[in-house]
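Before any comments, here is the structure.
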Amino acid sequence: MSGRLFALQGEIARSSALRPCSRRCATASDGACTRYTAALQPSESKGNRAVSCSASKKGRQASPQLERPTAGSVAEKDPLAEEDPLTALMQRQNEQASRASAIEPEPAQQMHVTNGNGSQNGTEDIAQSNGTPPKAESPMDIVFVSSEVAPWSKTGGLGDVMGSLPVAMARRGHRVMVVTPRYLNGDSSNDRKYSDLTDLKTKITLDLGNCGQHDVNFFHTHSQGVDWVFVDHAVYQRAGNPYADQYGAFGDNVFRFSILSQAACEAPLQLNIGGFSSGQPPGFPYGERVLFMANDWHASLVPAYIAAKYRRHGVYKDARAVLAIHNLSHQGVEVAEHFGDLGLPGDWYGALAWEVIGLCGVVGLCLEITTVEGGWGLHDNLASRASVLNGIVNGIDLNEWNPETDEHTPAHYTSGDLSGKSKCKAELQAEVGLPQDENAMLLGFIGRLDHQKGPDVIIEALPGLASRGIQVIILGSGDERYETALRQAEHDYPNNVRSWIGFNVPVSHRIVAGCDALLMPSRFEPCGLNQLFAMRYGTVPIAHATGGLRDTIKTFDPFVEDKAEQGTGWTFSPPDANTMLAAVDNARVTWQDHRESWQTLMRNGMSQDLSWDRSAGEYEQIFQWAMMDPPVAPS
Ligand SMILES: Nc1ncnc2c1ncn2[C@@H]1O[C@H](COP(=O)(O)OP(=O)(O)O[C@H]2O[C@H](CO)[C@@H](O)[C@H](O)[C@H]2O)[C@@H](O)[C@H]1O
């Protein structure tokens, strides 16, 4: 496969090598940009119209006129980029860490909510031990931009992260806004989630190049210390989930999320919601000195818009952007003809364009995405930005995922009293119609039925699992081939296999609570959440040793003297049926014949700190580094 495309996810990775494109998009003065393919002429006119977002209700012109970058704006080549990217990355992370610790924190901003106590030496340990996170020394204004945010919208881990991380950041004293679409799909259980929001009645006009000007409106609520902002536009009002309906992915997703990204750039400038988090009456905007965290390709135009439409005109000079890559295999790739629909100046084409030369491989945490196997075509770009590439293991929502209080499970339990877990298992077997047999090992799987998650590995292993008397429950939806194969397996092994095709959060909780172990043969898994949920519930993960799975699961070793160090599960590699079966055999022997060891495994998993407070500290560090670094894109 080869073709001229652009990838939104690639923008931040490429921005250190930005070059003015020799083919520039001519923007006609009447506002109708000629199609990119037909208009690859340099535009020398200084009279290009404003690319943006015209006026707010106060008539503010938020996005100034476009200009082209100067030759001097092309960033210098990074000398370390020629080295082995992994070595370079590790070296740089060490350097970065020591540099950061040597630099005095920047003073807090004027409009920051004060954290009350600042941060003092010695407070962190005390704060963590009593469940209160330490306060940031230099509170920031943070704007998260995401296509999904739980509980309003969730199709996977991104929704989970965006529902929790902002709250954790607010708890550390930062002022936090989350910008996401207001999805109305006609399903009352979905739509009523948006019914209590306040209409901010702030209409902003965005400029989407060839697609014209579009008005968006904003809805808002303030809860758990966070300003949740919802962008309202007709493209978010259709049946289906955030990305697709029964006929497949929406054809205008790049356009839909360009709107989100542009609207998010306007939100800190235009929305008068700045007072909520400090308990003052709202009435002022966040302002320009903000840290944007763009999530995945849907929001990855944010840094491009900031640089191309604002910073070069003196707005957002002190703002910085961080791109969080949750899943590099989704990149927002579009044919070149649609570049003109983004509302970016034509000289930005080179920053987004790339040749697709075949995509395959395994991706993992930050080290892996700099390799050919893991970079999904962006490995060179990511390796060249190794100095600003970091990996963070996510946390989980300890209130939602708590075996002591879980509203979805039939019984509750603690690491000190695990009896409730047996009840959860029996009830789960009954719920799905498997024999209620406590002596049958029960394995679970939860996830999208796609290549990444390895459902084919499980399907291939099902005859072997059934022949061992093991029971398996699979919850997921996705690729029709896997759904059909699972239904067939259920028919072939009625006492051992159940598949629940669909997306069902309560059932996912009951599987996590009721199973003895959780299978995760993901081919790549940048972080992974289900293994964290599982460990919190004393359900032992058996997972492919990749990315975040390898980082968070310690394979059981009974010969380690200190029980607490014996491990939390099993990892295996490569991700194929036989290797997974071998790992399951190890687990089964332990589960069956060494119950005490199994309980050690359960308790080791349950006693870990899986909270967001831990991860939030790591995000905060990266945000601080980003605020200290100069912008990489031309201004
Ligand atoms: N059928 C179903 N019914 C109910 N719930 C279901 C479900 N299928 C999946 N889920 C839930 O959706 C979430 C998926 O989380 P993953 O970590 O597997 O993320 P995902 O691959 O979407 O995202 C990417 O982003 C996240 C966050 O950074 C990374 O952890 C991950 O490695 C990366 O691939 C979990 O909460 C899971 O329980």
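The values are calculated or read from the model by the stated rules, or taken from the named source; none is laboratory data. Predicted model, so just to flag it, every value in this text is computed and none were measured. So basically every Cβ, Gly included, is an ideal-geometry build from the backbone, and we count neighbours across all protein chains shown. Calculation scope for accessible area: heavy atoms of the full protein, side chains included, ligands and nucleic acids excluded. Shrake-Rupley method; radii C 1.70, N 1.55, O 1.52, S 1.80 Å.
Scanning the range 199-241 for residues that are in contact with a Leu (Cβ under 8 Å, 6 or more places away or on another chain), open to solvent by 20 Å² or more (accessible area, probe 1.4 Å) and either of a type in the set (Lys, Arg) or farther than 15 Å from CYS265 by Cα (or both) returns LEU200, GLN213, PHE219, THR221, GLN237. The residues on offer are ARG510, ARG523, and the sole one that is part of a helix (DSSP H, G or I), touching a residue at least 24 places away in the same chain (Cβ under 8 Å) and either touching a Pro at 6+ places or on another chain (Cβ under 8 Å) or open to solvent by less than 10 Å² (accessible area, probe 1.4 Å) (or both) is ARG510.
When the range 408-435 is filtered for residues that are more than 16 Å from the ligand (Cβ to nearest atom), surrounded by fewer than 21 Cβ atoms within 10 Å (Cβ to Cβ) and part of a loop (DSSP other than H, G, I, E, B), the ones remaining, listed by number, are PRO410, ALA411, HIS412, THR414, SER415, GLY416, ASP417, LEU418, GLY433, LEU434, PRO435. In the range 441-462, the qualifying residues are those that are open to solvent by 10 Å² or more (accessible area, probe 1.4 Å) and β-branched (Val, Ile, Thr), and the one that is farthest from the ligand (Cβ to nearest atom) is ILE459. With a requirement of 3 or more residues that are without any contact (Cβ under 8 Å) to a residue 12 or more places away in the chain, the helices (runs of 4 or more DSSP H) lying completely within the range 526-635 that satisfy it span 577-593. Filtered by the rule that a residue be surrounded by fewer than 15 Cβ atoms within 10 Å (Cβ to Cβ) and among the β-branched types (Val, Ile, Thr), the range 579-602 gives a lone residue, VAL589. Checking each residue of the range 467-486 against the condition of being out of contact with any strand residue (DSSP E or B) (no Cβ under 6 Å at 6 or more places or on another chain), touching a residue at least 60 places away in the same chain (Cβ under 8 Å) and within 16 Å of the ligand (Cβ to nearest atom) gives no match.
Within the range 537-554, the only residue that satisfies the criterion of being open to solvent by 50 Å² or more (accessible area, probe 1.4 Å) and either modelled with pLDDT of 95 or more or among the aliphatic types (A, V, I, L, M) (or both) is LYS554. Within the option set GLU438, GLU400, being surrounded by 16 or more Cβ atoms within 10 Å (Cβ to Cβ) and assigned to a loop (DSSP other than H, G, I, E, B) holds for one residue only, GLU400. In the range 512-549, the residue that is farthest from GLY569 (Cα to Cα) out of those that are hydrophobic (A, V, I, L, M, F, W, C) and within 9 Å of the ligand (Cβ to nearest atom) is PHE524.
Just one of the listed residues (VAL393, VAL356) is surrounded by fewer than 23 Cβ atoms within 10 Å (Cβ to Cβ), modelled with pLDDT under 80 and closer than 28 Å to GLU525 by Cβ, namely VAL356.
The range 143-254 holds strands (runs of 3 or more DSSP E) entirely within its bounds, and those carrying 3 or more residues that are touching a residue at least 60 places away in the same chain (Cβ under 8 Å) and either touching a helix residue (DSSP H, G or I) at 6+ places or on another chain (Cβ under 8 Å) or more than 16 Å from the ligand (Cβ to nearest atom) (or both) map to 175-181, 204-207, 226-232. Only residues that are in a strand (DSSP E or B) and either more than 17 Å from PHE623 (Cβ to Cβ) or among the small types (Gly, Ala, Ser) (or both) were counted in the range 314-341, giving 5. Once the range 491-507 is narrowed to residues that are open to solvent by less than 30 Å² (accessible area, probe 1.4 Å) and not in a helix (DSSP H, G or I), the residue that is farthest from the ligand (Cβ to nearest atom) is ASN496. Restricting GLY514, GLY502, GLY469, GLY447 to residues that are among the small types (Gly, Ala, Ser), in the same structural domain as GLY433 (by TED's automatic domain parsing), modelled with pLDDT of 95 or more and out of contact with any helix residue (DSSP H, G or I) (no Cβ under 7 Å at 6 or more places or on another chain) narrows the list to GLY469. The combined condition, being open to solvent by 20 Å² or more (accessible area, probe 1.4 Å), assigned by TED's automatic domain parsing to the domain that holds SER522 and modelled with pLDDT under 95, is not fulfilled by ASP576.
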